[in-house]
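Asks: Submitted below is the structure of interest, expressed as structure tokens.
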Amino acid sequence: MLSQESIKVDFNVPAKMKDGITLYADVYRPNTESKFPAILTRLPYGKNGSITGGFMNPHRIASAGYNVVIQDIRGTGASEGEFYPRRAEMKDGYDTVEWIAAQPWCNGNVGMYGMSHMGFTQWAAAVMQPPHLKTICPTATKAGARPYDGGALALNHLLAWAAQFPGNKLGRSKLPPEKLKMLRNEYYNLKNKLEDQYWQLPLKENSLAKLAEKIDPSPFFYFDYLKYGDDEEFWKQSCTPAPLENVTIPALHICGWYDLSTSGVLDSFVQMKARGGSQLARTNQKLVMGPWVHNADFPSVSGELDFGMASSGAIVDICGLHIRWFDYWLKGIDNGVMSEPPVRIFIMGDNIWRNENEWPLARTQYTKYYFHSDGKANSRNGDGGLSDQGPDEEPTDNFLYDPRNPVPAKPGSVGSGIIMGAIDFQDVEKRVDVLVYSSEILKSDLEVTGPIKLILYAATSAVDTDFTGKLVDVWPDGRSYNLVDGIIRACYRASEWEAKPIVPGKIYEYCIDLGATSIIFKAGHRIRVEVSSSSFPKWDRNLNTGHRIGQDAEMKVALQTIYHDRQYSSHVILPIIPK
């Protein structure tokens, strides 16, 4: 291990892409004449001081004998070109890896690391198969990045993310100083009141997005993401890299149970194990899942719950894990990292780590827990029940969904940041437009680890609407902490790429992907499922009109009917792990 004093930093090192655009990087490297492997991360947030701590600490990684290259992607920071998220990442990723391999300080072996968008840039490069890229470590990211879930727009995530980029445009604009000053003031006023932006209708008239056009007339991705929501060809060309069958190298996958990208990371791991582009790739994937939110420091606190020091990124040493991984794949050091089980997961409830041999776990017993009520499951004070016994002839549960008063994605103010973490939903459960189905008090611990599906039989008075589901851990004192949730837009019930109208009043089966988790429901707790039609602003409000997303502001109230009888037995499928 080199001392950090022996690390030198070369700022704004130029790399010319094949189309003539120059991208700039800061390079942290050992101050010697020797050649070392290189670790690359590519980001849109500005390389200058943006990642100096946490698991991405470039000084620590360089001190371990690596050249660390932090590059501004096209059209951001110091780099030339026009910024449009993900559109150029495949070709630029390839060109950058091969440029690095040719540098006099690199021995020809290149790896990549980073989280969120920096994880996406890894997948984008890997599918192009640059010869000198030997491994990637995508953290908290989806291989594809379409901001839709079950046909609904991930409004909170998209808008909170998009709000950063008018600032990037301002920093690069050549408008007159007085004009820039006026636009800068307008930008910060809007950004500081982002909560108001979520409510603005129609979505296509969003003030922040409109401001981006004033600063620079080049296409702003927000508008395209609305316009081409279900256009499969658009997303193939603009956002999603080629199939993971094209990735031929090992990958280290890291994420948290309360992250934005949990399902995407788990899916990428499963896909690479089953369909990676080489035997090397298929047999050398590793997965680490903690109780974390989307934070590069991996704190032990997620929302309102502290999962203990054993779960914190500092104790787990995510940066050290990366170094061990790179030592094996880039330096050939047999340090045992690949002799360890391929899956390591944190079990909430008991708050312990456990090694596994696969995901999902082979010993999983998928168990149906059915809804029950006498027709009054509205709110936590209703009569909704949940058990592994199928229903008899039971009355339906009904509620009114009014998009003017959507169910909040978290109690209180919607806030301006991205909604994540374990939060007590007692207050939200008091609403009569939230159906609550609870198990009896558990007499013994019950482990639920794996993917969770909600099968809902429902009808609506609207021509289109949404249905939401949430799995909750209810504590003995009444606190109700969310675990996973999901949504389905009725018209996209069969395919996310093709809207199929529904008939008002007709019963349909809706399969809602709630995501995945790992928790031991403790004795004395209850298992709970919440059902409603909104979780705002995590997802956009379905206005119940059947019109295309984002195009208007007309709203209608919908009467929602949930069935749970012998023929239409709504239920949640829980992945039970036997003791």
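The values are calculated or read from the model by the stated rules, or taken from the named source; none is laboratory data. The shown structure was predicted, so the numbers you read here are calculated from the model rather than taken from an experiment. Here the Cβ is made from the backbone with ideal geometry for all residues, glycine too, and neighbour counts use every protein chain on show.
Asks: Would you call Trp325 crowded, with 21+ Cβ neighbours inside 10 Å, of a type outside the set (S, T, N, Q) and under 21 Å from Asp149 (Cβ atoms)?
Replies: No, not satisfied.
Asks: Could you tell me whether any residue of region 247-254 is surrounded by 18 or more Cβ atoms within 10 Å (Cβ to Cβ), part of a helix (DSSP H, G or I) and out of contact with any Leu (no Cβ under 6 Å at 6 or more places or on another chain)?
Replies: Looking for residues that are surrounded by 18 or more Cβ atoms within 10 Å (Cβ to Cβ), part of a helix (DSSP H, G or I) and out of contact with any Leu (no Cβ under 6 Å at 6 or more places or on another chain), one finds none in region 247-254, hence no.
Asks: Also, quick follow-up: Taking the condition of being buried (at least 19 other Cβ atoms within 10 Å of the Cβ), in a strand (DSSP E or B) and not polar (S, T, N, Q), how many residues in region 544-568 meet it?
Replies: Going through region 544-568 one residue at a time, the tally reaches 4.
Asks: Being of a type in the set (A, V, I, L, M, F, W, C) and touching a strand residue (DSSP E or B) at 6+ places or on another chain (Cβ under 6 Å) is true for just one of Val110, Val127. Which residue is that?
Replies: After ruling out the rest, the residue left standing is Val110.
Asks: Sticking with this structure for a sec: Working only within region 457-466, note down all residues that are β-branched (Val, Ile, Thr) and either under 25 Å from the mean Cα position of the chain (by Cα) or part of a loop (DSSP other than H, G, I, E, B) (or both).
Replies: Listed by number, the residues that qualify are Val463, Thr465.
Asks: In region 510-532, how many residues are surrounded by fewer than 18 Cβ atoms within 10 Å (Cβ to Cβ) and assigned to a loop (DSSP other than H, G, I, E, B)?
Replies: 3
Asks: Just give me the residues in region 482-509 being in a strand (DSSP E or B) and either of a type in the set (Val, Ile, Thr) or at pLDDT below 95 (or both), in sequence order.
Replies: Val484, Ile487, Ile488
Asks: Select, from Gly65, Gly171, Gly114, the only residue that is in a helix (DSSP H, G or I) and either touching a residue at least 60 places away in the same chain (Cβ under 8 Å) or more than 14 Å from the chain's Cα centre (by Cα) (or both).
Replies: One residue alone meets the criteria, Gly171.
Listed here are the residues, each with its yes/no results for (1) of a type in the set (Val, Ile, Thr); (2) out of contact with any strand residue (DSSP E or B) (no Cβ under 9 Å at 6 or more places or on another chain); (3) loosely packed, with under 14 Cβ neighbours inside 10 Å.
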residue: Asn355; (1), (2), (3): no, no, yes
residue: Tyr369; (1), (2), (3): no, no, no
residue: Asp374; (1), (2), (3): no, yes, yes
residue: Asn378; (1), (2), (3): no, no, no
residue: Ser387; (1), (2), (3): no, no, no
residue: Tyr401; (1), (2), (3): no, no, no
residue: Ile418; (1), (2), (3): yes, yes, no
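Asks: State which residue pairs qualify: first residue surrounded by 12 or more Cβ atoms within 10 Å (Cβ to Cβ) and inside region 9-22, second residue in a loop (DSSP other than H, G, I, E, B) and acidic (Asp, Glu) in any location, beta carbons under 6 Å apart, and separation of 6 or more residues or different chains.
Replies: Note: pairs meeting the criteria are Ile21/Glu80; Thr22/Glu80.
Asks: Does Trp105 fit the bill of being farther than 18 Å from Asp259 by Cβ and among the hydrophobic types (A, V, I, L, M, F, W, C)?
Replies: yes
Asks: Moving to a separate point now. Could you tell me whether region 462-474 includes any residue that is basic (Lys, Arg), touching a strand residue (DSSP E or B) at 6+ places or on another chain (Cβ under 7 Å), modelled with pLDDT of 95 or more and over 17 Å from Gly384 (Cβ atoms)?
Replies: No, that holds for no residue.
Asks: OK, next. Across region 203-219, which residue is surrounded by the fewest Cβ atoms within 10 Å (Cβ to Cβ) among those that are closer than 23 Å to Glu178 by Cβ and among the hydrophobic types (A, V, I, L, M, F, W, C)?
Replies: Here the answer is Leu211.
Asks: If you scan region 533-543, which residues turn out to be surrounded by 24 or more Cβ atoms within 10 Å (Cβ to Cβ) and closer than 27 Å to His564 by Cβ?
Replies: Selection gives Ser533, Ser534, Ser535, Lys538, Trp539, Arg541, Asn542.
Asks: How about region 458-501: which of its residues are buried (at least 18 other Cβ atoms within 10 Å of the Cβ), touching a helix residue (DSSP H, G or I) at 6+ places or on another chain (Cβ under 6 Å) and not polar (S, T, N, Q)?
Replies: Correct list: Asp464, Ala499.
Asks: Now for a separate question. Please go through region 80-117 and pick out each residue that is of a type in the set (A, V, I, L, M), at pLDDT 95 or above and crowded, with 24+ Cβ neighbours inside 10 Å.
Replies: Val97, Ile100, Val110, Met112
Asks: Take Val434 and decide whether it is farther than 30 Å from Ala281 by Cα, at pLDDT 95 or above and surrounded by 14 or more Cβ atoms within 10 Å (Cβ to Cβ).
Replies: Answer is yes for this residue.
Table: residues versus (1) in contact with a Pro (Cβ under 7 Å, 6 or more places away or on another chain); (2) assigned to a loop (DSSP other than H, G, I, E, B).
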| position | (1), (2) |
| --- | --- |
| Arg87 | no, yes |
| Tyr94 | yes, no |
| Ile100 | no, no |
| Gly108 | no, no |
| Gln122 | yes, no |
| His157 | yes, no |
